[in-house]
Amino acid sequence: MPTDKIYAEKQLPSALRNTWRLFYRNTSAMVGLYGFAALLLLCVFGGVLAPYGIDQQFLGYQLLPPSWSHYGDVSFFLGTDDLGRDLLSRLLSGAAPTVGSAILVTLWATLFALLLGVLAGITRGLRSAILNHILDTLLSIPSLLLAIIVVAFLGPRLEHAMLAVWLALLPRMVREIYFAVHDELEKEYVVAARLDGASNLDLLWHAILPNVLPLLITEVTRSLSLAILDIAALGFLDLGAQLPSPEWGAMLGDSLELIYVAPWTVMLPGAALMFSVLMINLLGEGLRRAVEAGVE
């Protein structure tokens with residue numbers, strides 16, 4: 001096994017270079033990478049880039065259409081809402097409570113899911129069966145419904161919505177990792193390595209995790225997309241971020257009654273959500289394909 005370790009460590013840099021080369025050649029993956037990088041920058045610097053404050057009101061400029069419209073004003077590029085607030089400023093500032101919160105929730109869910117899923121995958125007997133039944137029970141409840149139940153008990157706040165979404169994402173991620181690790185441990189090459197004296201830690205690090213990495217990327221991509229949509233949905237239902245927060249779901253819910261009078265107040269937050277989910281899925285799909293090709 002030590003010689004196998006050394007060989008694997010020598011092969012790691014070349015495998016990473018091969019994965020990056022395959023990823024770089026995928027145009028849609030690179031578009032997703034640049035789009036996701038832009039979202040990260042907006043999460044950090046969105047409030048700085050905003051031309052106006054999120055609550056700054058301009059009397060006499062209520063429901064102003066975007067600047068390219070005949071009745072628009074170049075001072076308000078994407079128009080204003082019913083209170084005269086600049087929509088561009090609110091959209092830029094809303095990236096952090098929407099996308100940034102979803103990224104934090106997904107990272108924590110992935111960390112806990114890896115820990116629980118790997119531990120469950122390498123265990124046998126009663127503990128593994130009990131965990132499997134618990135996960136099946138939780139998975140029978142739709143994620144958004146579970147999040148709404150949690151927020152209903154804790155109260156409507158963005159922090160509570162993040163906790164609710166984390167609890168909703170965790171069971172599926174744990175179950176997918178559990179089955180992936182469990183199935184990989186049953187394969188012949190793992191059994192042969194175990195008979196050769198390999199420890200569980202060696203098997204996990206050098207054999208199992210590299211082979212379940214494409215599945216993990218798929219689950220993280222799906223979970224991040226769901227986290228964005230669930231946080232926005234809770235904000236839309238007035239169970240998440242509370243007004244005057246610029247969270248995109250809360251903006252949608254606040255402007256819904258204006259859809260016929262000022263459709264841009266509804267379409268722009270919806271377009272921001274669609275762009276975010278699209279970029280994340282393009283990035284995740286491209287990364288999964290590159291890793292699968294690199295592993296093969």
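The values are calculated or read from the model by the stated rules, or taken from the named source; none is laboratory data. In this text the structure is predicted, and so the values were computed from the model without any measurement. Here the Cβ is made from the backbone with ideal geometry for all residues, glycine too, and neighbour counts use every protein chain on show. Heads up: the accessible areas ignore ligands, DNA and RNA and are worked out on the full protein's heavy atoms, side chains in. Shrake-Rupley method; radii C 1.70, N 1.55, O 1.52, S 1.80 Å.
Couple of notes before you dig in:
- For the chain, the Stokes-Einstein estimate of translational diffusion at 25 °C and a viscosity of 0.890 mPa s comes to 115 µm²/s, using the Kirkwood hydrodynamic radius over alpha-carbon pairs.
- Percent carbon-and-sulfur accessible area, the chain, ignoring ligands, DNA and RNA, probe 1.4 Å: 68 percent
- C-alpha center-to-center spacing [the range 28-42, the range 202-278] in angstrom: 15 Å
- In the range 196-284, taking the dipole from charged Cβ atoms about the Cα centre, the farthest positive-side position among 236, 211, 261 is held by 261.
- In the chain, taking the dipole from charged Cβ atoms about the Cα centre, the farthest positive-side position among 22, 36, 283 is held by 22.
- Global geometry of the range 13-65, whether rounded, prolate or oblate, following the gyration tensor of its Cα atoms and the 1.5 cut on a/c: prolate
- Degrees, to the nearest 10: 209-236 long Cα axis against longest axis of the chain: 20 degrees
- Mean accessible surface per residue for the chain, computed with a 1.4 Å probe while every protein chain stays in place, in Å²: 53 Å²
- nm² value of the averaged projected area, convex hull over the Cα atoms of the range 193-277: 7.6 nm²
- A Förster radius of 51 Å combined with the Cβ-Cβ distance from residue 108 to residue 73 puts the calculated FRET efficiency at roughly 0.75.
- Prolate is the label for the range 34-187. Its Cα gyration tensor axes, ordered a ≥ b ≥ c, give a/c of at least 1.5 and a/b above b/c.
- Accessible surface of residue 124, taken over heavy atoms with a 1.4 Å probe and every protein chain present, rounds to 120 Å².
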